[in-house]
Structure formats: C-alpha cells, structure tokens
Amino acid sequence: MNGRLDNFTIVIFGAESDLALRKLFPSIYQLFRWSHLPEAWRVIGVGRHGHTHGEFRKAVRERMMEYSPESIDDQAKFDDFFRRLYYVNTDFDDVEGYHALYNEIMDSRGEPEVCSNLLFYLSTPPSLAPVIIRNLVAANLGGLELTCPGWRKIVVEKPYGHDLHSARELNRILEEAFEERQIYRIDHYLGKEPVQNIMVFRFSNGMFEPLWNRQYIAQVQITIAEEFGIRGRGAYYEEAGLLRDIIQNHGLQLLASIAMEPPVDLGAEAIRDEKTKVLRSVRHFDPESLNRTLVLGQYAGYHEEKGVKSGSTVETYAALRFNIDNWRWSGVPFYMKAGKSLARTVTEIVITFRCPPQNFYGEHGSASCTPNQIILGIQPDETVAIRFGAKRPGEMMLTDPVYMKFDYRDSFAGEGLTPYHRLLLDAVEGNQMNFIRRDSVEHSWAIIDSIRDAAAGAVPEPYPVHSWGPESAGLIYEFPPG
C-alpha cells in the first residue's frame, strides 16, 4: 500500500451477482487479510433479495467458502470481515431505495470518514448503469455536489455501451453525476501482471525499444482464445457477439499497450494519452478490403445454447488484420484472433521480427530463415519467451530455433495481486493508470462500428468445437501452430 489509505465505504450494486461473489468479495477480504486496507472501512451491498444485514453476511460467507476456501486461513480476520458488510434492499429503478441507501451510508457507526469517502461499484448488467447513476444523483450521492468532505468515485464494468452512439450517451450520463477523474472504467486485463509488464519490458530495456518499429518488426499477432463456449450467457451474447465482448476492450487495449509511444512520465494521464493516440491511428474497416482484413466464425452447436435465437448469425470468433497509420507502425500488420470453443485457452502476443537481409545458414543454401520472435504469455502461463537461431550440433553450419523463457511463478515468490485485487486498490487510492478514459472508449467503439458496418449481412463461417476456428482465417495470415 502506498502511504496511508483513507477510510472508506464501498457500495456494490448487484452485490449477489456472480462477479461480486466470485471476484469482488474474495478480493476485498484478501486485501484486508494482507493489511492493505485502512483501520475503518465497510461494504454496503445493494440488491433486491430482501436480506437483513445478517442474512446478507451469511449468504456471502457461504459463497466465499464455496468459491475461494483456500483464502480462509485466519478465522478471526474472516469473522471481522463479515462484521463490516451491510445490506440495502431496493429495486435499482426505485429512487426511494437510494434515499434508504443514503441513510445507511451516513450512519457512520463512530467512523465519520467512512461516510464521506465513497466508491460505488456497478456489478450489474450494463443496461442498468444509466438508471443507477441518475438515482444516485437524485439521492444526493453523485460526485459533483458533495455534502461532506471526502471523495466519491464510481467503477463501471464493461461493456461501456454497445456501439459508439450508446457509449457516448453513457459517458454523457456519467458526466452529469461525476467528473472524469472520478470515473473508473474497468477492464480486468489491465490489472494482469504480464499486461502491466509490457511497458516495463519495452521502456526499461535498451535492447528492445530501439527495435520496436516498422524497420525491424514484420508483424504482431494477438491471440485471445478460450476453449469453453458462452457458458449459459446466450441472451447476453445474442446482444453483444465476440467483437463487442472481446475485441472492443481486451483486444484493443492489448494492441494499444504494444503499439503506444513512450509516455512523457508514468502518470496516468500521460500513459492513457499514448494509448488513445494509437486507437485514433487504427485504420477503420471498409467493405472493399474486408476479404483481406476480417473473418468471422461461429462454433458448431452455438444455436443449441440456452438463450440463443434459432438461425442466429452472431459471431463467436473473429480473425482481423489491423493497420496503424502512424510513423512507427505504417505497413506493419497487427493480426488478432479471438474466439470461443477453440483448441485451448490462451492469451498471448507474438512479435515477429524481420529476417536478416541474407541468410547464410539455411539447409542446402536455402534463403529462408526462421524469424526471431518475442512471445508474451498473458494467460494461463505468465511468461516472456524469446526465439532465436542457434547452431545445430555437427559439422554443418545450420541453425535451429531455440527459446529462452522467463516465468513469473518461477522468478517471483510470494502472493501477488490478482487483477481485481490490484484494480480495487487502485480505485480506492485514486490511481487511474489501469482504467480506460472516455476518449479511448469512444475511439475503440468507432473501430468496432466500422467493422460491423463493413461486415453488415455477413454470415459467420461454422467451425468445429475445439478447433482453431474457420479454415479461411488462414487467408488473412498464417497462425502459429496451437
């Protein structure tokens, strides 16, 4: 923890959602167990289950013991954690319930700071965000007119709208209640250690940054593959599809992290400025070049999933070629593959370098070479690997590709922060570096809208479950094996 953390209250809307029970409450408990939280803090859950405080604590305790029993190794701490949980029952569109929430917040129980420093967390479907935000304002809980000293912040989960128009409207509603500095648009990928290491890897190592441009890099490949399907989220996926669910946020944020220019400093705004510049530079898609830049797919059996419409043309796979029209990356293709029900779950970034102008070491005088690569493993393995050529043992001067690999788990001991640990702590501390700014959201949606407009009416190609997607994806580029 950086310095003294203010006492505070976290208000979680949708306190019995899957996200809250699997991620938020276990993360808050572990931050408390690791002494990352201040003396006085509490959590107020907001939902429609009609719980008393005691019933809510019991429900959360049962789920935590089911989902994360390994973290419960200090019974006294565990019991103390639950004494800090409270509950307010209301429908999210009932303004009177927000007045009850206001009264619960202002009941400081002898700790006045916990009522003045407020973090609102929307663990709810995105469609509920506008009504919750407006009702917070109606109950005098917005961030623009504070009735007592302290801070107020709001955390909003993706997706931030479903297209550029709705994203702008959500941003407008947010800014009626909070200033941009109070708004935390969360993408848990930005809390992952390997993603945060991208900047460190590039900007703290003199041997890499001079090569990080179109003169030396031939292509960049980003893979976000999941071997499972939509996991019962048919109704959501029918509205979203993979482009909105994965590419708009995780995919484009990874691309921006790889392609950004060095920031002027390590402040949140400087870093977010550079990421936004990349998204502004991504060339929009058009129908004329679509056969060279996009393949959409849908896994076999998607129509049988619960909540999916018969004959649905929603994509569960996308292979794309992005072009970044700026000085550093002009002419370098950024390939992205993402999908459900693929061969395995893996997120990785492969930076492939250009071959030397002349190859002396190929088999029988071959001019071909195996290019050098940097492979950044995001999940499930958190690794950095470098592929280069080495002489094959024997009399002939031939090369084979070999690897050097760094693994986080092998190199760093101790309990690290998971994405939700880190991002919750960042939000409470007021560090926005790992959150997404309004302009980045809107530039991302402009890119996605251009893809959807260019591909309007296209029918996704079927692909077998646990394959690597449609065969035609290879027409855009050759994916590495596995």
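Going down the table (Lys23/Lys192; Lys192/Lys275; Lys23/Lys158; Lys58/Lys306; Lys306/Lys340; Lys309/Lys337), which pairs top 19 Å between alpha carbons? Write down the numbers at each step before the final one.
Working: Lys23/Lys192 14 Å; Lys192/Lys275 17 Å; Lys23/Lys158 15 Å; Lys58/Lys306 31 Å; Lys306/Lys340 16 Å; Lys309/Lys337 25 Å.
Long pairs (Cα-Cα over 19 Å): Lys58/Lys306; Lys309/Lys337.
Can you give the convex hull volume per residue for the Cα atoms of segment 265-329, as a whole number of Å³?
Numbers: hull volume 10.2 nm³, N = 65.
Output value, Cα hull per residue: 158 Å³.
Can you give me the long-range amide H partners of Gln219? Hydrogens built in the peptide plane at 1.01 Å from N, cutoff under 5 Å, separation of 5 or more residues or another chain.
Thr352
Using the reciprocal of the averaged 1/r over all distinct C-alpha pairs, how large is the Kirkwood radius of segment 8-157 in Å? Present the calculation step by step, with values, prior to reporting the outcome.
Working: mean 1/r = 0.0640 Å⁻¹.
Taking the inverse mean of 1/r over all distinct Cα pairs, segment 8-157 comes out at 15.6 Å.
Amide H of Lys158 versus every other amide H placed in the peptide plane: which residues, excluding those fewer than 5 positions away on the same chain, fall under 5 Å?
Hits under the 5 Å cutoff: Ile186.
For a footprinting-style exposure proxy, rank Thr313, Thr399, Thr9 by other Cβ within 10 Å, fewest first.
Values: Thr313 12, Thr399 17, Thr9 24.
Ascending Cβ contact count within 10 Å gives the list Thr313, Thr399, Thr9.
Along the Cα-to-Cβ line of Leu290, 7 Å from the Cα, sits a label point; which residues in segment 443-475 have backbone N less than 20 Å from it?
Under cut-off, by backbone N: 445-463, 470-475.
Can you work out ³J(HN,Hα) from phi for every residue in segment 265-275, in order, using Karplus 6.51 cos²θ - 1.76 cosθ + 1.60 and θ = phi - 60°, giving whole Hz and x for Gly and Pro?
7, 9, x, 4, 5, 5, 5, 5, 4, 5, 5
Let a ≥ b ≥ c be the square roots of the eigenvalues of the Cα gyration tensor of segment 178-313; is it rounded (a/c under 1.5), or, if not, prolate (a/b larger than b/c) or oblate?
Working: a/c = 2.17, a/b = 1.63, b/c = 1.33.
Here segment 178-313 falls in the prolate category.
Let me see the P(r) profile for segment 190-475: every Cα-Cα distance counted, bins of 10 Å, each bin given as a percent of all pairs.
Histogramming segment 190-475 at 10 Å steps yields 6, 25, 33, 25, 10, 2, 0 percent.
I need Lys192, Lys275, Lys405 ordered by Cβ neighbour count within 10 Å, fewest first.
Arranged by neighbour count, lowest to highest, Lys192, Lys275, Lys405 become Lys405, Lys192, Lys275.
Between Leu19 and Tyr236, what length in nm is gained on full extension when 0.36 nm per residue of separation is reduced by their alpha carbon distance?
Working: separation 217, 0.36 × 217 = 78.12 nm, distance 1.50 nm.
Here the answer is 76.6 nm.
Quick one: Debye curve from the C-alpha atoms of the chain, no solvent, what's log10 I(q)/I(0) at q = 0.12, 0.13 Å⁻¹?
Debye curve over Cα of the chain, log10 I(q)/I(0) at q = 0.12, 0.13 Å⁻¹: -1.16, -1.32.
Go through the cysteines of the chain and tell me which have no other cysteine Cβ under 4.7 Å away.
If one checks each Cβ against the other cysteines of the chain, Cys115, Cys148 turn up with nothing under 4.7 Å.
Answer with one residue from Leu424, Thr293, Gly307: the one whose Cα lies farthest towards the positive end of the charge dipole of segment 190-475, charges on Cβ with Lys, Arg +1 and Asp, Glu -1.
Checking the options against the dipole of segment 190-475, the answer is Thr293.
Please report, in debye to the nearest 20, how large the charge dipole of the chain is about its Cα centre when each Lys and Arg carries +1 at its beta carbon and each Asp and Glu carries -1 there. Write down the numbers at each step before the final one.
Working: 51 positive and 65 negative charges, 139 e Å.
Magnitude of the dipole: close to 660 debye.
Return Glu180, Glu382 ranked ascending by Cβ neighbour count within 10 Å, so the fewest neighbours appear first.
Details: Glu180 12, Glu382 20.
By the 10 Å Cβ count, ascending: Glu180, Glu382.
For segment 332-341, in order, what is each residue's ³J(HN,Hα) by Karplus, 6.51 cos²θ - 1.76 cosθ + 1.60 with θ = phi - 60°, in whole Hz (x at glycine and Pro)?
Running phi through 6.51 cos²θ - 1.76 cosθ + 1.60 with θ = phi - 60° gives 8, x, 10, 8, 9, 10, 9, x, 9, 6 Hz.
Tell me which residues come under 5 Å, amide H to amide H, from Gly45 once H is placed; ignore anything under 5 positions away on its chain.
Ile12, Tyr86, Tyr87, Val88
Tally Lys/Arg at +1 and Asp/Glu at -1 over every other residue whose Cβ is under 12 Å from the Cβ of Pro263; what's the total?
Computed value for this residue: -1.
The numbers here are math on the coordinates, done by the rules we state, and not lab data. Since the structure is predicted, the reported quantities are computational estimates derived from the model, not experimental observations. Using ideal geometry, Cβ is built from the backbone for each residue, glycine included, and neighbour counts are taken over all protein chains shown.
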